[in-house]
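Each remark here refers to the structure printed beneath this line.
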Amino acid sequence: MKKSKGDNVNYLGILFGLLSLVIIILSLVFLVKDRHIFRDGLFPFKRWERAQGEKYLKKFSGRERAEGEEILRGLHSVLDVKNVAGSIEITGWDKDYFLIKYIKSGPTSESIENLMAKIETTKDSISIKRSTADKRLKSRGTISFDIFIPDTVKSISVNSVSGSIELSRMDPGITQSLKTVSGKIETDNSGNLQAGSTSGSITFRFSGSDLRVNTVSGSIRGEMLNMTPGSLLDLSSVSGSIHVDADETLNAEIALKSVSGSISCDFPVTISMKKRNRLEGKIGDGLIPLSIKTTSGSIKIRKL
Amino acid sequence: MGDENKKESENSRLNEARKIAKNKVAFIRHFITYISVLVVLAIINNVTSRGHQWWLWVALFWGIGVFFNFMSAYLFKGGGLKKMEDDLTRREMERLGETDEKK
């Protein structure tokens, strides 16, 4: 049978119908990706899950778990934590000893027995690592750490693969190096800070002289306080937005670049170069180099 | 009498066919308008500010409307509820005829 015009209209209509479905799905995906509330893992479900705590996790995931804690005394000034899977929370407190709590979680009781929190101390430092008792066994399971530290600590280094890193009640002078692959990083106070995450967001308050923060797909939010000449500030992301608040004394030579996002700055800038996706200039006397780069996110610098 | 019935049913089929064709053409027109407006909005969005892509909200919600239009023009072209009503009427007529015969 010969094809008529009517058949063509039918095919065209079906094609258009399917196209409209594809557009709906794509716009939904892009909109969800664009919302920080989703990107930062703050779905109402997740919040509820967190509130229910470990009880919920055990009930619904069928995982075994075991808890442990250790107290360490001494004037240690360096804390080094290495983990593979599981969250790490470090909290400053007014006591003069370290309290290290951990929760091991795994699919079987054997996997939990095999999993260890290895704690080593030297005169100056404490090192906490996830380890396995029998290396031949395939290590399955996670360890979450909840660490309380006294004010003797001056430097914290945390490395994780899958899990969030949260530091709270920190003294402003503590040097921090925080790295994870898939989890968010939060620190409520830091001295010199190096933070990197592949797929999580980073939130910080910085009052040191060396700030280097980078993400691949997470957003960066931060506050920068009391910066002195000689500081170095470098923030970069691939697909995340970067929003920083700074106090009014900011004296920076800024280089802002966003390939497809917007750039805005609340401070008066003496512009040396302005293009569609680039802004360079000086805020105040321009004593501190401040570089912010992102490929597809927006850049905002606001006054505190 | 038979000719009249035949003519009536032919007319009703013609009307039905016209309605379906009209719906299909209306859908194609709707889709073309949808795409054209989206392109304009996307250009305005990206020329004025390249940050938040607000035109995607329009694409999403209007797209849902366009998809429903497609469903009604192509998938439920005879009018799903109308067909159901006709079937029910026919069945009820047959049932009433059966009870009359029994009486």
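The values are calculated or read from the model by the stated rules, or taken from the named source; none is laboratory data. Since the structure is predicted, the reported quantities are computational estimates derived from the model, not experimental observations. Neighbour counts are summed over all protein chains in view; Cβ atoms, including those assigned to glycine, are modelled from backbone coordinates with ideal geometry.
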Cβ-Cβ under 6 Å pairs, at least 6 apart or on other chains, the range B:13-28 side of a type in the set (Phe, Trp, Tyr), far side part of a helix (DSSP H, G or I): B:Phe27/A:Gly13; B:Phe27/B:Asn69; B:Phe27/B:Phe70; B:Phe27/B:Ala73
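Run down A:Ser237, A:Ser199 and say which single residue is farther than 26 Å from A:Arg169 by Cβ and in contact (Cβ under 8 Å) with a residue 60 or more places away in the chain.
Working: A:Ser199 fails: in contact (Cβ under 8 Å) with a residue 60 or more places away in the chain.
Going through A:Ser237, A:Ser199 in turn, just one is farther than 26 Å from A:Arg169 by Cβ and in contact (Cβ under 8 Å) with a residue 60 or more places away in the chain: A:Ser237.
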Matching residues, the range A:237-257, being more than 23 Å from A:Val216 (Cβ to Cβ) and part of a loop (DSSP other than H, G, I, E, B): A:Asp247, A:Glu248, A:Thr249, A:Leu250, A:Asn251
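To keep it simple, each residue is scored yes or no on (1) in a helix (DSSP H, G or I); (2) over 23 Å from A:Ile25 (Cβ atoms); (3) within 11 Å of another protein chain (Cβ to nearest Cβ); (4) not aliphatic (A, V, I, L, M).
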residue	(1), (2), (3), (4)
B:Glu16	yes, yes, no, yes
B:Ile20	yes, yes, yes, no
B:Lys24	yes, yes, yes, yes
B:Ser36	yes, no, no, yes
B:Val40	yes, no, no, no
B:Ile64	yes, no, yes, no
B:Met71	yes, no, yes, no
Residue match in the range A:220-234 (condition: over 14 Å from the mean Cα position of the chain (by Cα), under 22 Å from A:Ile288 (Cβ atoms) and among the charged types (D, E, K, R)): yes
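Could you please let me know if A:Asp188 is closer than 30 Å to A:Ile156 by Cα and among the charged types (D, E, K, R)? Write out each step before concluding.
Working: closer than 30 Å to A:Ile156 by Cα: yes; among the charged types (D, E, K, R): yes.
Yes: the conditions hold for A:Asp188.
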Search result, residues across the range A:68-96 that are modelled with pLDDT under 90, touching a Lys or Arg at 6+ places or on another chain (Cβ under 7 Å) and part of a strand (DSSP E or B): A:Glu69
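Quick grid of which residues meet (1) touching a strand residue (DSSP E or B) at 6+ places or on another chain (Cβ under 7 Å); (2) surrounded by 17 or more Cβ atoms within 10 Å (Cβ to Cβ); (3) of a type outside the set (S, T, N, Q); (4) modelled with pLDDT under 90:
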{"residue": "A:Ser131", "(1), (2), (3), (4)": "yes, no, no, yes"}
{"residue": "A:Leu137", "(1), (2), (3), (4)": "no, no, yes, yes"}
{"residue": "A:Ser157", "(1), (2), (3), (4)": "yes, yes, no, no"}
{"residue": "A:Ile174", "(1), (2), (3), (4)": "yes, yes, yes, no"}
{"residue": "A:Glu186", "(1), (2), (3), (4)": "yes, yes, yes, no"}
{"residue": "A:Asn192", "(1), (2), (3), (4)": "yes, yes, no, no"}
{"residue": "A:Gly200", "(1), (2), (3), (4)": "yes, yes, yes, yes"}
{"residue": "A:Phe204", "(1), (2), (3), (4)": "yes, yes, yes, no"}
